[in-house]
1. Give me the pairs: first residue in the range A:81-101 and more than 9 Å from chain B (Cβ to nearest Cβ) and buried (at least 24 other Cβ atoms within 10 Å of the Cβ), second residue part of a loop (DSSP other than H, G, I, E, B) and hydroxyl-bearing (Ser, Thr, Tyr), beta-carbon distance under 9 Å, and six or more apart or on different chains, which are they?
2. In the range B:127-152, what residues are in contact with a Gly (Cβ under 6 Å, 6 or more places away or on another chain) and either aromatic (Phe, Trp, Tyr) or at pLDDT below 95 (or both)?
3. Kindly establish whether B:Ser21 is surrounded by fewer than 24 Cβ atoms within 10 Å (Cβ to Cβ) and in the same structural domain as B:Val175 (by TED's automatic domain parsing).
4. Kindly indicate whether B:Arg93 is of a type in the set (Lys, Arg), under 28 Å from A:Ile51 (Cβ atoms) and in contact with a helix residue (DSSP H, G or I) (Cβ under 7 Å, 6 or more places away or on another chain).
5. Can you find a residue that is among the acidic types (Asp, Glu), more than 8 Å from chain B (Cβ to nearest Cβ) and out of contact with any helix residue (DSSP H, G or I) (no Cβ under 8 Å at 6 or more places or on another chain) anywhere in the range A:69-80?
6. Within the range B:12-29, identify whether any single residue is over 30 Å from A:Ala84 (Cβ atoms), touching a Leu at 6+ places or on another chain (Cβ under 6 Å) and more than 7 Å from every other protein chain (Cβ to nearest Cβ), and answer yes or no.
7. Just the residues that are facing another protein chain (nearest Cβ under 7 Å), part of a helix (DSSP H, G or I) and either within 28 Å of the chain's Cα centre (by Cα) or among the charged types (D, E, K, R) (or both), please, taken from the range B:55-65.
8. How many of the residues making up the range A:30-54 are within 22 Å of A:Thr155 (Cβ to Cβ) and either more than 8 Å from chain B (Cβ to nearest Cβ) or acidic (Asp, Glu) (or both)?
2 protein chains.
Amino acid sequence: MALIVQKYGGTSVGTPERMRSVARRVANFRAQGHRVVVVVSAMSGETNRLIALARAVAPSPRTRELDVVVSTGEQVSIGLLCMALDDLGVPARSYTGAQVRILTDSTHTRARILDIDAAPIRKDLDAGGVVVVAGFQGVDAHGNITTLGRGGSDTTAVALAAALEADECQIYTDVDGVYTADPRIVPEARKLDAVRFEEMLELASLGSKVLQIRAVEFAAKYKVKLRVLSSFEEDPGEGTFITVEESSNMERPVISGIAFVRDEAKLTLTGVPDRPGIAYQILGPIADADIDVDMIIQNAPRDGSTDLSFTVARADLARAVKVLEGVQAHVGARSIESDDTMCKVSVVGVGMRSHPGVAAKMFRTLAEEGINIQMITTSEIRISVAIEEKHLERAVRALHKAYGLDVAAE
Amino acid sequence: MALIVQKYGGTSVGTPERMRSVARRVANFRAQGHRVVVVVSAMSGETNRLIALARAVAPSPRTRELDVVVSTGEQVSIGLLCMALDDLGVPARSYTGAQVRILTDSTHTRARILDIDAAPIRKDLDAGGVVVVAGFQGVDAHGNITTLGRGGSDTTAVALAAALEADECQIYTDVDGVYTADPRIVPEARKLDAVRFEEMLELASLGSKVLQIRAVEFAAKYKVKLRVLSSFEEDPGEGTFITVEESSNMERPVISGIAFVRDEAKLTLTGVPDRPGIAYQILGPIADADIDVDMIIQNAPRDGSTDLSFTVARADLARAVKVLEGVQAHVGARSIESDDTMCKVSVVGVGMRSHPGVAAKMFRTLAEEGINIQMITTSEIRISVAIEEKHLERAVRALHKAYGLDVAAE
């Protein structure tokens with residue numbers, strides 16, 4: 001008899017058939033005695049269609065009115081899902097963000113939730129019905145419709161779970177959980193029963209698609225129990241719990257998983273004079289050109305000069321080179337070198353904080369595979385290396401094995 | 001410096017280009033110093049798309065949720081129109097039915113307006129902005145979204161004009177006014193500067209497409225000045241005023257226009273015993289079969305029996321015959337005769353109430369054209385005849401001329 005908030009994304013409700021399939025899943029949960037609040041996104045493609053329509057009317061639409069238009073996507077979804085539930089004999093009632101009401105600030109297109117009035121929802125649940133709430137939207141203090149920005153439906157679900165003091169918030173998506181590595185690369189990859197939310201964010205090649213960072217932060221703040229499950233499997237299984245607190249009774253593995261990013265490129269400015277502010281003079285113009293820089297390495301200086309290397313997405317390489325050519329003379333660098341064959345491989349785990357041997361094992365494993373490490377960066381829970389992309393799959397598999405991820409931790 | 005409520009239907013805002021064209025028209029009105037409130041329908045096709053989506057999810061969707069889904073059509077329109085106005089430098093603010101708020105009863109899909117809070121709209125107008133309101137929708141006392149039924153946007157516009165005590169309510173549509181006859185049949189047909197609303201309703205072949213009856217009734221009740229204009233002409237001209245009160249300083253023509261209905265069929269039950277309740281025994285089952293009966297004639301009885309004739313839409317003839325075959329024996333009728341070549345032509349005018357020669361002129365005109373009249377019915381402001389459809393165009397043109405409609409009345 002738990003109170004569960006379930007969130008279904010756009011692809012999960014993308015067609016009338018899938019809408020009915022979600023209704024059946026919700027009906028099953030209710031039949032098991034649970035009280036269910038469902039948060040839905042717009043049907044896949046709908047938000048983009050509405051934005052394109054707005055752009056066709058006005059090149060840079062007013063954000064207040066953009067929110068009025070775009071929020072209809074979720075409004076259609078809640079109505080349709082309630083119809084589907086009703087068709088299964090399940091009493092259901094839809095709520096727009098304004099109807100709940102989900103009070104936000106007035107920052108249109110990326111509003112922040114300030115307060116949720118959970119009383120009417122509780123009343124409906126007490127009466128035995130299912131409540132269906134539009135994700136992604138709210139209303140400001142003046143009654144204007146607001147939206148929370150892309151992926152805001154996750155945040156709606158977590159915020160509702162917090163306001164309702166729900167037992168659990170389930171995020172249904174097109175993956176069935178968070179894995180130790182991409183199963184397409186590592187057949188032995190296992191689904192994690194639980195993962196720390198910082199780890200999930202670092203397991204980028206899987207994690208960042210699964211849950212919005214804002215939603216996870218919200219869950220951490222309000223101690224909402226979060227779980228990721230598949231909406232496409234007949235039996236969604238147990239999914240993966242996204243935990244925010246160190247659980248004392250859980251023996252955590254040192255490493256939770258191996259992540260990677262393909263299609264990176266490395267740029268090196270050689271013979272850069274070693275003086276204060278030089279990194280900013282080089283990387284400032286790169287940022288101004290809207291190019292994301294990932295790893296940054298500055299060599300130890302020798303004879304008053306140094307080399308500065310950084311990686312960018314391969315698609316940005318040509319533009320980045322052009323920017324560097326503009327600053328080369330100004331900063332007095334000797335040459336610009338670039339390499340477009342790179343990728344990044346990371347080992348991720350909260351446990352590495354208390355296990356100093358983790359990095360050494362990573363370097364030894366790659367050395368044994370004959371893979372040359374070109375750059376290294378570390379964070380508290382992650383060690384990343386830049387290597388040639390042709391070695392990517394071999395590196396990921398070797399690391400997956402070396403850290404014992406092939407076999408389930410007890 | 002008038003306060004004007006303008007209503008634009010679905011085809012008027014059917015594409016981004018037309019949306020921008022409506023915005024230019026509104027901007028022009030405002031530039032002339034008028035205060036403008038705009039009511040818009042869903043973009044053409046959108047309401048049907050949403051209903052089809054609902055039916056694909058559940059065969060008979062709950063009406064509360066149908067309103068949630070269908071009302072998004074107008075919500076998209078108000079947002080887009082405001083963006084287009086903003087793009088022209090015109091400050092504009094959109095309101096859903098709930099935001100206004102347009103309070104209705106809780107009869108989903110065909111709710112009735114109970115009250116409108118005009119204060120926030122007045123405030124926006126006082127600040128110099130244009131207000132754009134979603135037609136067709138409202139909100140009940142419990143905050144549920146309601147819709148007024150098809151064509152409800154006209155009613156929204158008239159109700160807003162009444163609540164705001166607007167100087168005029170302008171209905172923009174795809175015709176530029178009400179004509180003395182269909183211009184495709186009678187090239188000499190003239191646009192009427194003004195028409196009584198009862199006349200407009202009777203001028204069905206034109207009028208019923210122009211304005212919803214509910215809206216006209218609302219306008220009559222609250223004495224709203226109503227005008228029909230074209231949204232497709234660069235210069236919409238003066239359109240046609242829909243008047244509800246006899247204006248003393250206006251010399252009304254006896255006849256306002258000639259209307260017609262094609263594709264009618266006549267059914268006759270002969271030798272029906274002349275006893276009380278016989279018409280109900282025949283026409284009751286026809287109504288039960290959802291067949292609309294138009295003209296009904298019962299001959300004077302002779303030798304204790306009579307003939308009963310009535311017209312139906314030609315598409316319903318076969319079904320109507322089947323129904324009559326079922327009742328023929330029961331009522332003791334001699335035979336069933338049918339004729340599927342009929343049409344109906346009407347002369348319409350409030351002035352005929354005080355001019356008894358109108359009917360005689362109609363019959364003489366048709367006689368001179370050699371057109372045989374098969375049935376006659378009259379109302380206070382209309383005389384209709386059933387004739388063979390092959391004579392339709394000749395009859396309409398001859399009547400148009402006979403009543404002097406070819407030349408403008410002083």
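The values are calculated or read from the model by the stated rules, or taken from the named source; none is laboratory data. Please read these numbers as outputs of a predicted model, since none were measured by experiment. Cβ atoms come from the backbone with ideal geometry, glycine included; neighbour counts cover every protein chain shown.
1. These pairs meet every condition: A:Gly97/A:Ser71.
2. Going through the range B:127-152, the residues in contact with a Gly (Cβ under 6 Å, 6 or more places away or on another chain) turn out to be B:134, B:136-139, B:146.
B:Phe136 - this is the single residue of the range B:127-152 that is in contact with a Gly (Cβ under 6 Å, 6 or more places away or on another chain) and either aromatic (Phe, Trp, Tyr) or at pLDDT below 95 (or both).
3. Working: surrounded by fewer than 24 Cβ atoms within 10 Å (Cβ to Cβ): yes; in the same structural domain as B:Val175 (by TED's automatic domain parsing): yes.
So B:Ser21 passes the test.
4. Working: of a type in the set (Lys, Arg): yes; under 28 Å from A:Ile51 (Cβ atoms): yes; in contact with a helix residue (DSSP H, G or I) (Cβ under 7 Å, 6 or more places away or on another chain): yes.
So B:Arg93 fits the description; yes.
5. Pass one, the range A:69-80, residues among the acidic types (Asp, Glu): A:74.
From the residues that got through so far, the ones that are more than 8 Å from chain B (Cβ to nearest Cβ) too are A:74.
Those still in the list that are out of contact with any helix residue (DSSP H, G or I) (no Cβ under 8 Å at 6 or more places or on another chain) too: none.
Within the range A:69-80, none of the residues are among the acidic types (Asp, Glu), more than 8 Å from chain B (Cβ to nearest Cβ) and out of contact with any helix residue (DSSP H, G or I) (no Cβ under 8 Å at 6 or more places or on another chain).
6. Yes; the residues of the range B:12-29 include at least one that is over 30 Å from A:Ala84 (Cβ atoms), touching a Leu at 6+ places or on another chain (Cβ under 6 Å) and more than 7 Å from every other protein chain (Cβ to nearest Cβ).
7. Answer for the range B:55-65, where residues must be facing another protein chain (nearest Cβ under 7 Å), part of a helix (DSSP H, G or I) and either within 28 Å of the chain's Cα centre (by Cα) or among the charged types (D, E, K, R) (or both): just B:Glu65.
8. Residues of the range A:30-54 within 22 Å of A:Thr155 (Cβ to Cβ): A:35-48, A:50-51.
Of the ones still in play, those that are also either more than 8 Å from chain B (Cβ to nearest Cβ) or acidic (Asp, Glu) (or both) are A:35-48, A:51.
Number satisfying all stated conditions: 15.
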